[in-house]
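> Before I ask anything, here is the structure I am working with.
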Amino acid sequence: MSKAQRAVRAVQSEKPANSAGQSEKPANSADQPAVLQWFAANTRPRQELKIKNKLDELGVENFLPMKEQIRVLGGKKRKVLRPLVPRLLFLHCRKEVLFELLNEHFLPLSYLRDLETKQVLVIPDRQMRDFIFFVDFARDSIQVLNDKLKPGDRVRVVKGELAGLEGELIRIKGHKRVVIRLQGLFSVAAGTYLPKHYLEPLDPKQ
């Protein structure tokens, strides 16, 4: 079983009250756990890894999606990792921490906002879990798509290395692909073809 499969299966067994899969620190009282949420932020150009390392030092959980590219270095083809989306990384923390990073640690971050509410954009836990799993599986073939895609049928992968993944079945350039949509940001798809019997339909309300 791959690391990605173990991650998704662990997600499926988690309790909704603790969506991060970790013990949470208390907030204002011993009876009220801190609410951890996923946020998206832009960094300065080519500062993604530097900011990620600083967040790691501060103990702030984060995710920097990377993709594999083939580059010619010294006359030889080599695989190198590059940010999937330049300047973009994700933070998993309490909302108050976002402002502490700006005002106390002076990190050059710009948080993405919901276009309708104008509030800091919160990405649903399930979307982030599937996105992280997907990136881990398809680093060499992942494609970033805009968020204007028409909604597809909700499906769950039930066989193969992507078993447990939930997404939308959308036709792209004549081929049906399982797409993961990050609300308010973008969608991603992999070049991997999944046979119909690898998928099961989901209730649209899920």
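> Look through the range 165-206, keep the residues that are of a type in the set (S, T, N, Q) and part of a loop (DSSP other than H, G, I, E, B), and return whichever of them is nearest to ALA41 (Cα to Cα).
It comes out as GLN183.
> For the range 81-119: of the residues being free of Cβ contacts under 8 Å to residues at least 40 places away in the same chain and hydrophobic (A, V, I, L, M, F, W, C), which is nearest to ALA138 (Cα to Cα)?
VAL97
> Against the conditions (1) assigned to a helix (DSSP H, G or I); (2) loosely packed, with under 15 Cβ neighbours inside 10 Å, where does ASP140 fall short? Just the number, please.
Of (1) assigned to a helix (DSSP H, G or I); (2) loosely packed, with under 15 Cβ neighbours inside 10 Å, only one is false for ASP140: (1).
> Take the conditions in a strand (DSSP E or B), modelled with pLDDT under 95 and over 17 Å from LEU101 (Cβ atoms) and apply them to ALA27. Does it pass?
yes
> While we're here: Among the numbered criteria (1) of a type outside the set (A, V, I, L, M); (2) in a helix (DSSP H, G or I); (3) crowded, with 19+ Cβ neighbours inside 10 Å, which single criterion is violated by PHE90?
It is condition (2) that PHE90 fails.
> Evaluate the following for LEU102: is it over 27 Å from PHE134 (Cα atoms) and surrounded by fewer than 18 Cβ atoms within 10 Å (Cβ to Cβ)?
yes
> Quick one: how many residues across the range 110-137 are part of a loop (DSSP other than H, G, I, E, B) and surrounded by 14 or more Cβ atoms within 10 Å (Cβ to Cβ)? Show your work before the answer.
Quick first cut of the range 110-137, residues part of a loop (DSSP other than H, G, I, E, B) only: 112, 114-119, 121, 124.
Now narrow it down to the ones that are surrounded by 14 or more Cβ atoms within 10 Å (Cβ to Cβ): 112, 121.
The total comes to 2.
> Let me ask something additional. Given the residues LEU162, LEU102, LEU107, which is the only one that is part of a loop (DSSP other than H, G, I, E, B) and at pLDDT 90 or above?
Answer to the check: LEU107.
> Out of the residues in the range 57-84 meeting the condition of being over 17 Å from the mean Cα position of the chain (by Cα) and modelled with pLDDT of 95 or more, tell me which one is surrounded by the most Cβ atoms within 10 Å (Cβ to Cβ). Before the answer, list the steps.
To start, the set of residues in the range 57-84 that are over 17 Å from the mean Cα position of the chain (by Cα) comprises 57-59, 69-80.
From what's left, modelled with pLDDT of 95 or more: 57-59.
Values: GLU57: 9, LEU58: 15, GLY59: 8.
Here the residue is LEU58.
> In the range 30-46, what residues are among the polar types (S, T, N, Q) and modelled with pLDDT of 95 or more?
Answer for the range 30-46, where residues must be among the polar types (S, T, N, Q) and modelled with pLDDT of 95 or more: GLN37, ASN42, THR43.
> Answer with yes or no whether PHE137 is within 13 Å of the chain's Cα centre (by Cα) and at pLDDT below 90.
yes
> I've got another one for you. Could you look through the range 143-159, keep only residues that are in a loop (DSSP other than H, G, I, E, B) and surrounded by 13 or more Cβ atoms within 10 Å (Cβ to Cβ), and pick out the one that is modelled with the lowest pLDDT? Reasoning before the result, please.
Quick first cut of the range 143-159, residues in a loop (DSSP other than H, G, I, E, B) only: 146-152, 158-159.
Remaining after also requiring surrounded by 13 or more Cβ atoms within 10 Å (Cβ to Cβ): 149, 152, 158.
Numbers: LEU149: 77, GLY152: 88, VAL158: 94.
Ranking the qualifying residues of the range 143-159, first place goes to LEU149.
The values are calculated or read from the model by the stated rules, or taken from the named source; none is laboratory data. Note that the structure is predicted; figures quoted are calculated from it, not measured. All Cβ positions, even for glycine, are placed from backbone atoms using ideal geometry, and neighbour counts span all protein chains on display.
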